[in-house]
Amino acid sequence: ILMLQLDNVSFWYPGAAVGVSDVSLEVRPGELVAVIGASGSGKTTLLNLLAGFLAPRQGRVVIDENDVSAMPPEKRDLGIVFQSYGLFPHMKAWENVAYPLKIRGVTAPERKKRAYEALVRVGMGNRSENGPRELSGGQQQRVALARALVFEPRGMLLDEPLSALDANLRVEMRDEILRVQRAAGIATLLVTHDQEEALSIADRVAVMRDGRLVQVAPPRELYDAPADEETARFVGEA
C-alpha cells in the first residue's frame with residue numbers, strides 16, 4: 001500500500017532550537033491530511049522533510065514502504081504546490097505543466113498531450129496557450145496544481161497553496177483541490193495556517209506546536225475532543 005510516512009523524525013536547524021522533534025505521521029492512500037499550527041511550529045519543516053529539501057537528523061522518511069531519507073527530491077515522485085506557484089514566466093501554461101515530463105524524458109508530442117489533459121482536469125483547458133502574466137492568481141494556482149499532477153505522482157504536498165488568494169477564491173480553490181485530489185486518489189499533505197480550511201477539507205488534521213505533533217484526528221474529533229486547552233483555543237476560533 002502506498003503511503004507517505006514520517007517515522008520518529010527529528011530535525012533542527014544549525015544554531016537554532018526550532019525544527020521538529022520525534023514526529024511520526026502517515027498519510028494513507030487517497031487521504032488528505034492537513035497540518036496546522038502557529039508560525040514557527042514546524043509545519044513547513046515537516047513538508048520539506050517529506051519533499052526531500054531537508055534530511056532528517058534522526059528517524060526515517062518512508063514512501064511506499066521504502067526509506068527515502070537520503071533520496072533527492074526529484075527521485076521521490078511527489079507533486080508539490082507552493083504558496084508562490086513557481087511558474088516559469090517565459091513559458092505558456094501547457095509548457096509549465098509539461099516541464100516535469102520533459103525532465104523525465106517524455107517525448108514532445110506526448111508531453112503536450114498530457115499537459116493539456118492535466119489542464120482540462122483543473123478547468124484550464126481553454127487557457128493552455130496563455131503565459132502566467134495573462135492569468136489571475138487563481139488560474140496560476142490551477143496551472144501549478146496541474147503541473148503537480150501531470151506525471152502521476154506518488155503523493156502530493158501542498159504548502160500554503162491558497163494564502164495568496166482572496167477569501168472568495170480561496171473557498172472555490174479549496175473545493176477544487178479536494179475534487180482533483182479525490183479524483184486522483186492520491187495521498188496528500190496540506191500545510192496551512194487556516195484552521196477553517198483544514199477542518200473543511202481534511203480527512204485528518206495534525207496539530208503542530210513547538211516542533212512537536214500534539215494531536216492527529218478527524219476534524220470533528222479534533223473540535224469535540226482537543227488534546228489540551230491550547231489546542232482547544234487554537235482550533236476553537238475556526
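The values are calculated or read from the model by the stated rules, or taken from the named source; none is laboratory data. If you're wondering where the values come from, they're calculated on a predicted model, not measured in any experiment. Here the Cβ is made from the backbone with ideal geometry for all residues, glycine too, and neighbour counts use every protein chain on show. In case anyone asks, the SASA skips ligands and DNA or RNA and just uses the protein heavy atoms, side chains included. Shrake-Rupley method; radii C 1.70, N 1.55, O 1.52, S 1.80 Å.
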Would you mind computing, in nm to one decimal, how far apart the modelled labels at PHE82 and VAL120 are, each placed 7 Å from Cα along Cα→Cβ? 3.1 nm
One finds, for ARG182 and ARG220 with R0 = 22 angstrom and r their Cβ-Cβ distance, a FRET efficiency to the nearest 0.05 of 0.70
Please give the FRET efficiency for ASP228 paired with ALA167, using the beta carbon to beta carbon distance and R0 = 25 Å, rounded to the nearest 0.05. 0.25
Quick check for you: with a 1.4 Å probe and neighbouring chains kept, what is the accessible area per residue of the range 117-190, in Å²? 39 Å²
Among 24-33, 127-136, what's the highest-first ranking by average C-beta atoms within 10 angstrom per residue? 24-33, 127-136
Can you list the lysines whose alpha carbon is less than 20 Å from that of LYS92, not counting same-chain residues fewer than 8 positions off? LYS102, LYS112, LYS113
Picking from MET173, MET91, MET156, which is most flexible by a Gaussian network model of the chain using Cα springs under 10 Å? MET91
Starting from the residue with the highest accessible area, list LYS102, LYS43 in decreasing order, probe 1.4 Å. LYS102, LYS43
Of the accessible area of the chain, with the probe set at 1.4 angstrom, what percent is carbon plus sulfur? 49 percent
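What is the projected area of the convex hull of the Cα atoms of the range 18-122, averaged over all directions, in nm²? Don't skip to the end; give the middle numbers.
On the way: hull surface 34.0 nm².
So the mean shadow area of the Cα hull is 8.5 nm².
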Nearest 5 is fine: what % of DSSP beta bridges in the chain come out antiparallel, could you say? 55 percent
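From Cα pairs below 8 angstrom and at least 6 apart in sequence, can you work out the relative contact order of the range 1-102, rounded to a whole percent? Walk me through the numbers before you get to the answer.
On the way: 136 pairs, mean separation 28.3, N = 102.
Here the relative contact order equals 28 percent.
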Against the empirical 2.2 N^0.38 Å scaling, what ratio does the C-alpha Rg of the range 78-204 come to? 0.99
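Calculated from DSSP H runs of 4 or more alone, at -39500 (n - 2.57) each and per residue, what is the 222 nm mean residue ellipticity of the chain, nearest 500?
Helix-only estimate at 222 nm: -11000 deg cm²/dmol.
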Which percent, to the nearest 5, of DSSP beta bridges fully inside the range 120-238 are antiparallel? 55 percent
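Compute the FRET efficiency between LYS102 and ALA38 as 1/(1 + (r/R0)^6), taking r as their Cβ-Cβ distance and R0 = 41 Å, and round to the nearest 0.05. Working shown, then result.
Working: r = 39 Å, r/R0 = 0.95.
So, using R0 = 41 Å, E works out to roughly 0.55.
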